[in-house]
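Student: I am attaching a structure below and will ask some questions about it afterwards.
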Amino acid sequence: MTVIEVKALSYRYPKSPGSNLKDISFAVRQGEIFLLAGETGSGKSTLISVLCGLIPYEAGGEFKGLVKVLGKTWPISPVKLFPEVTVVFQSPAEQLLADTVFAEVAFGLENLGLSKEVVTKRVKKALAEVGLSGYEAREISSLSGGERQRVAIAQALAVSPKLLLLDEPLSQLDPKAAQTVMDILKSLASQGITIVIAEHRLEYVLPRVDRLLYLEGGKAKFLGKPKDFTPPKKEVNPLPSPPKGQKAVEIKNLYFSYPKRPPLFNGLNFSFYENERVALLGPNGSGKTTFLHLLAGLKKPVKGAIRYLLPQDKKRFALALLLQDPDLMLIRTKVAEELSFSLENLGFTRKEIEPRVSQVAKELHLFDKLKRAPFSLSRGERLRVALGALLTGRPQVLLLDEPTTAQDPKNALRLFKAIGAELVVFSTHDEDLAYALATRILRFEKGKIEEETR
C-alpha cells in the first residue's frame with residue numbers, strides 16, 4: 001500500500017527569492033523507514049512541513065505538484081491528518097506545552113476522548129519505548145534537550161499514528177540514545193507504521209532505513225536504497241590550536257543541585273584560558289547545559305564562585321550564550337534585523353552596523369538570506385542566525401549549547417571559523433566534530449567532569 005505519493009512538487013516560501021523545493025517526486029509504502037538527507041538548507045525540513053500539511057495550508061507561498069498522504073490530497077489542514085499523521089519537529093519547544101512529562105504525552109490522547117485508564121496505559125507504553133520510564137512526574141523544564149526530544153517522540157507515538165514524521169530527531173541525543181531511538185523506529189516500522197525521517201547523522205540512520213531521498217539545493221540528487229548511496233565524506237580539518245593565553249574564567253569549589261534531586265556538581269574546580277575552545281561531551285542529562293547556564297549566570301550555584309577575569313570593553317559583550325533552542329532567541333522579522341540587534345544595544349550607529357552585519361552574514365553563509373524572515377529558514381540556518389546575532393556583538397567569552405545541531409560538517413567548521421571570542425565553551429553530541437574543533441575536552445558523566453587527553 002502506498003502511504004505517500006509526491007509528483008513534480010515545487011514550492012517557494014513567501015518572499016523567498018527562489019524555489020525551496022524543485023520538481024520533487026517519490027513514493028513511500030506502508031511500513032517503510034524513508035530517509036530525507038542533505039546538507040543544511042537543502043529542503044528536508046520544508047518537505048517534512050509539506051507532508052504534515054503545514055505547507056501550503058498554513059505557510060502560503062507558491063505550491064505546485066501533487067501530494068497525497070493516506071489517500072488525502074493537498075492542500076489540507078494538519079488538523080485533518082491527526083492522529084493518523086503525527087510529526088516531531090526539530091525543536092521540542094515547538095510542541096512541548098505542558099508542565100509535566102505525563103501531561104505532555106497525554107495531551108493528544110485526551111483530545112481523542114480516551115478514558116483515563118487507556119491514557120495512563122498508553123503514556124507509560126510510549127515513555128518506555130523512548131527510554132523514559134518513571135519520568136511521568138518530572139517537570140519538562142527540568143529535562144535536558146535530549147530528554148525533551150524523547151518526550152516529543154513519545155507524544156507522537158502515544159496516539160498510534162499510521163505515519164510518523166520526524167525532523168532531525170537525533171540532533172540532541174547522545175550516541176547511545178540515538179541508537180536506541182533508531183531501534184525503536186525499526187520496531188515500529190515492523191508493526192506497519194510508516195516513518196519518514198529527516199536527519200544529518202547518517203551513521204545512525206543509514207543502516208536502519210529502507211530507502212532515502214538525498215536533497216541538494218531543493219532538488220532530488222539521489223532516490224534509492226542505502227546500499228546504492230555513497231554518503232558525502234564527513235571530513236573536518238582540525239582548526240589550529242593557538243597558544244594558551246591568560247586565565248579568562250576561574251571556577252572555585254562549585255556546588256549545584258536541583259530542588260528535591262541529588263547534587264549534580266560537588267566541588268568543581270576549573271580554570272579556562274584565552275584562545276581555548278572547550279568541548280563539553282557526555283550523555284543526555286549529565287549536566288552540560290546546566291554547566292553552561294551556571295557559567296552564563298542563568299543559574300546560581302548552591303556554593304562556590306565563578307570569576308571572569310578578562311578586562312571589559314564597552315564596545316563588546318563580555319559574555320554571550322547561544323541557547324540549545326535557537327528559536328527562543330529570534331525576535332525580529334528579518335535576518336538582517338536579528339544580526340543588528342546586538343550592535344544596536346551596544347550603541348553603534350547605523351553606518352557602523354551595516355558593514356559588521358554584512359561581514360558576519362558572509363562568514364556564516366547567510367548573506368543571501370538577510371531579507372528573509374528567520375522562521376522561513378531551516379533549523380540549521382536559524383541556529384546560525386541566532387549565533388550571528390551574538391557574533392556581531394564580538395563577545396569575549398562565548399558559550400554555545402549544541403551549536404553543531406542540524407549543521408553538516410562544512411557549516412559547523414564555517415561557524416567556528418567566524419567566532420572571534422577569546423574563549424569558547426560549547427557542548428555537543430558530535431564527538432568527531434568536537435575533536436576537530438576543540439583545543440580541550442571535558443567529559444560529563446554522572447555528576448563528574450573529567451579532563452580528556454586529546
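Student: Considering (1) within 24 Å of the chain's Cα centre (by Cα); (2) farther than 22 Å from T290 by Cα; (3) open to solvent by less than 10 Å² (accessible area, probe 1.4 Å), say which one V151 fails and leave the rest.
Tutor: (2)
Student: If K186 satisfies all but one of (1) out of contact with any Gly (no Cβ under 7 Å at 6 or more places or on another chain); (2) modelled with pLDDT of 95 or more, what's the number of the condition it fails?
Tutor: (2) is the only condition that K186 fails.
Student: I'd like the residue in the range 107-140 that is free of Cβ contacts under 8 Å to residues at least 24 places away in the same chain and under 30 Å from T428 (Cα atoms) and, out of all such residues, is surrounded by the most Cβ atoms within 10 Å (Cβ to Cβ).
Tutor: K124
Student: Another one. Tell me which residues, restricted to the range 199-208, are open to solvent by 10 Å² or more (accessible area, probe 1.4 Å) and either closer than 20 Å to I4 by Cβ or touching a helix residue (DSSP H, G or I) at 6+ places or on another chain (Cβ under 7 Å) (or both).
Tutor: R201, Y204, L206, R208
Student: Let me ask something else. Residues K299, K288: which one is more than 18 Å from E431 (Cβ to Cβ) and within 27 Å of the chain's Cα centre (by Cα)?
Tutor: K299
Student: Test G192 against the criterion of being small (G, A, S) and buried (at least 18 other Cβ atoms within 10 Å of the Cβ), and give yes or no.
Tutor: So G192 fails the test.
Student: Given the residues V424, V385, V360, V397, which is the only one that is touching a Gly at 6+ places or on another chain (Cβ under 8 Å) and either β-branched (V, I, T) or within 14 Å of A320 (Cα to Cα) (or both)?
Tutor: The unique qualifying residue is V360.
Student: Quick check on this structure: which one of G108, G113, G65 is of a type outside the set (K, R) and modelled with pLDDT of 95 or more?
Tutor: Unique residue meeting the criteria: G65.
Student: So which pairs qualify, if the first residue must be in the range 149-166 and within 8 Å of V130 (Cβ to Cβ), the second must be among the charged types (D, E, K, R) and open to solvent by 10 Å² or more (accessible area, probe 1.4 Å), the Cβ gap must be under 8 Å, and the two must be at least 6 apart or on different chains?
Tutor: Sorted first by the residue in the range 149-166, then by its partner, the pairs are A154/E129; L157/E129.
Student: Something else: Is it true that some residue in the range 249-269 is on the phi > 0 side of the Ramachandran plot and without any contact (Cβ under 8 Å) to a residue 12 or more places away in the chain?
Tutor: yes
Student: Which count do you get for residues in the range 145-183 that are in a helix (DSSP H, G or I), at pLDDT below 90 and not hydrophobic (A, V, I, L, M, F, W, C)?
Tutor: Total satisfying the criteria: 11.
Student: While we're here: Enumerate the strands (runs of 3 or more DSSP E) found wholly within the range 264-368, keeping only those where 3 or more residues are open to solvent by less than 40 Å² (accessible area, probe 1.4 Å).
Tutor: 276-281, 319-322
Student: Could you please find all residues in the range 25-50 being within 28 Å of S160 (Cα to Cα) and either charged (D, E, K, R) or in a strand (DSSP E or B) (or both)?
Tutor: S25, F26, A27, V28, R29, E32, I33, F34, L35, L36, A37, K44
A quick yes/no check of all residues on (1) of a type in the set (F, W, Y); (2) buried (at least 23 other Cβ atoms within 10 Å of the Cβ); (3) on the phi > 0 side of the Ramachandran plot; (4) part of a strand (DSSP E or B):
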residue	(1), (2), (3), (4)
K7	no, no, no, yes
D23	no, no, yes, yes
K68	no, no, no, yes
L96	no, no, no, no
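Student: Among the numbered conditions (1) in contact with a Pro (Cβ under 9 Å, 6 or more places away or on another chain); (2) open to solvent by 20 Å² or more (accessible area, probe 1.4 Å); (3) part of a loop (DSSP other than H, G, I, E, B), tell me where Y435 comes up short.
Tutor: (3)
The values are calculated or read from the model by the stated rules, or taken from the named source; none is laboratory data. The model shown is predicted, which means the values in this text are computed figures rather than measured ones. Every residue, glycine among them, receives a Cβ derived from its backbone with ideal geometry; neighbour counts consider all protein chains shown. Areas reflect the complete protein model, heavy atoms only, side chains present, ligands, DNA and RNA absent. Shrake-Rupley method; radii C 1.70, N 1.55, O 1.52, S 1.80 Å.
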